[in-house]
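The values are calculated or read from the model by the stated rules, or taken from the named source; none is laboratory data. Fair warning: this is a prediction, and the values are worked out from it, not measured in the lab. No Cβ is skipped: glycine too gets one built from the backbone with ideal geometry, and neighbour counts run over all protein chains shown. All accessible areas refer to the heavy atoms of the entire protein, side chains included, with ligands and DNA or RNA removed. Shrake-Rupley method; radii C 1.70, N 1.55, O 1.52, S 1.80 Å.
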Amino acid sequence: SSGINAEWPLRPGISMPILTLAHDFTKYFDNSEFAHKATIYANSLTAVCCGVLLASQSSIFEEKLFAGESDILLERFCYDGCEDGIKECLASLHGANLEISVRNIDVILKFSAYYNIEQLFGLGLKWIRETMSPRNIYRLDKVISFIDAGSYKDLLQETLDLYIINNTTDVCNEILHSLQQEEHVSHNLVNMVLSKGTPKGGAILAKWTFLSVENMKFILEKHPNFNLKKLFEDTTDFINFIRVFTSKNDVLGIDSMKQIIELQNSYYVSYPSVPVSASTSTSELKGPSVSPKTDATSENQERTRKSSPTRSERSTKKKKVPTATLR
């Protein structure tokens with residue numbers, strides 16, 4: 001038979017699909033140093049792969065294979081539990097269907113972002129957006145912290161931020177429940193939730209702060225990002241929140257006392273504070289002692305005084321009474 005659409009001789013009734021290649025592989029055959037067979041190591045996983053297929057989909061693998069590296073250690077994937085996810089990614093790069101689940105989505109996103117595999121990352125991002133839930137925010141947050149700064153990290157951060165905005169109440173309830181169970185909640189996630197002045201934010205902030213001294217220091221540093229008046233509508237709740245810090249003075253240190261005072265001022269003072277430099281005097285900040293309204297009043301009083309006769313003038317005028325001439 002002729003042509004690639006001919007019937008497969010051993011399996012009648014099944015046609016071969018037309019082969020379409022999205023990449024030009026010829027450049028890999030012209031280089032004598034290119035490693036056509038690559039062995040991938042990830043923790044306990046060892047996988048023999050096609051160098052051409054890896055290089056055609058990942059610029060990172062391409063650079064390594066062009067340099068003649070046939071043994072590639074995935075240095076950032078040497079932890080227990082990552083093997084199945086890496087195996088799924090490598091199989092996908094060799095043409096297998098990608099099976100995404102809650103067990104491997106974090107590895108798929110990390111692997112595709114780190115090795116710059118756009119198509120694989122796109123499939124993982126699509127799955128996480130379609131299956132997002134309040135409980136999944138922790139998983140996505142961990143992936144974001146793993147990935148280096150760049151477009152992949154930005155896309156995941158935007159996905160998480162948009163989900164929190166659209167599901168604020170559910171997210172707050174989930175975080176509050178986790179904190180009550182003393183489960184870990186990251187600085188990044190707390191910062192994202194509280195910076196929006198979310199409901200139950202005061203309770204979340206108080207419980208999260210109490211869990212560790214590191215959390216306290218984070219709040220003292222980042223408190224200008226939070227709308228404390230909205231988070232603590234009841235002043236009593238804010239007072240109890242401040243007591244968390246004062247109870248740890250011996251651990252926080254003297255330097256933190258100034259930050260605690262600033263934290264209190266940001267809640268109680270309703271007007272913006274004026275930055276005071278060392279060269280600025282108190283009189284310069286206070287300005288003139290007489291207000292503009294007082295100045296205007298003084299000017300009016302001065303004009304009235306000048307236009308009105310004095311007491312001596314009035315008495316003089318009274319004395320000048322015309323008298324009759326005696327003849």
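Does residue 220 satisfy the criteria of being touching a Ser or Thr at 6+ places or on another chain (Cβ under 7 Å), modelled with pLDDT of 85 or more and either closer than 19 Å to residue 269 by Cβ or among the acidic types (Asp, Glu) (or both)?
On the way: touching a Ser or Thr at 6+ places or on another chain (Cβ under 7 Å): yes; modelled with pLDDT of 85 or more: yes; either closer than 19 Å to residue 269 by Cβ or among the acidic types (Asp, Glu) (or both): yes.
Considered against the rule, which asks whether it is touching a Ser or Thr at 6+ places or on another chain (Cβ under 7 Å), modelled with pLDDT of 85 or more and either closer than 19 Å to residue 269 by Cβ or among the acidic types (Asp, Glu) (or both), residue 220 comes out as yes.
Taken together, the residues in the range 65-99 that are open to solvent by 40 Å² or more (accessible area, probe 1.4 Å) and among the polar types (S, T, N, Q) amount to 2. Applying the criterion of being at pLDDT 90 or above and hydroxyl-bearing (Ser, Thr, Tyr) to the residues of the range 1-48, the residue that is surrounded by the fewest Cβ atoms within 10 Å (Cβ to Cβ) is 44.
Based on what the data block shows, is residue 64 in a helix (DSSP H, G or I) and closer than 30 Å to residue 165 by Cα? Before you say what the answer is, go through the steps one by one.
Details: in a helix (DSSP H, G or I): yes; closer than 30 Å to residue 165 by Cα: no.
So residue 64 does not fit the description; no.
Could you check the range 213-249 and list, in sequence order, the residues that are part of a loop (DSSP other than H, G, I, E, B) and under 21 Å from the mean Cα position of the chain (by Cα)? The answer is 226, 227. Within the range 27-40, residues that are acidic (Asp, Glu) have Cβ atoms under 6 Å from residues that are at pLDDT 90 or above in these pairs: 33/68, counting only partners at least 6 apart in sequence or on another chain.
Please state which one of 129, 135, 103 is closer than 29 Å to residue 172 by Cα, open to solvent by 40 Å² or more (accessible area, probe 1.4 Å), part of a loop (DSSP other than H, G, I, E, B) and free of Cβ contacts under 8 Å to residues at least 60 places away in the same chain.
On the way: 129 fails: part of a loop (DSSP other than H, G, I, E, B); 135 fails: part of a loop (DSSP other than H, G, I, E, B).
The unique qualifying residue is 103.
Residue-level analysis places residue 51 outside the set of residues that are surrounded by 20 or more Cβ atoms within 10 Å (Cβ to Cβ), closer than 25 Å to residue 160 by Cα and not aromatic (Phe, Trp, Tyr).
From the list 95, 68, the lone residue that is at pLDDT below 95 and out of contact with any helix residue (DSSP H, G or I) (no Cβ under 9 Å at 6 or more places or on another chain) is 68.
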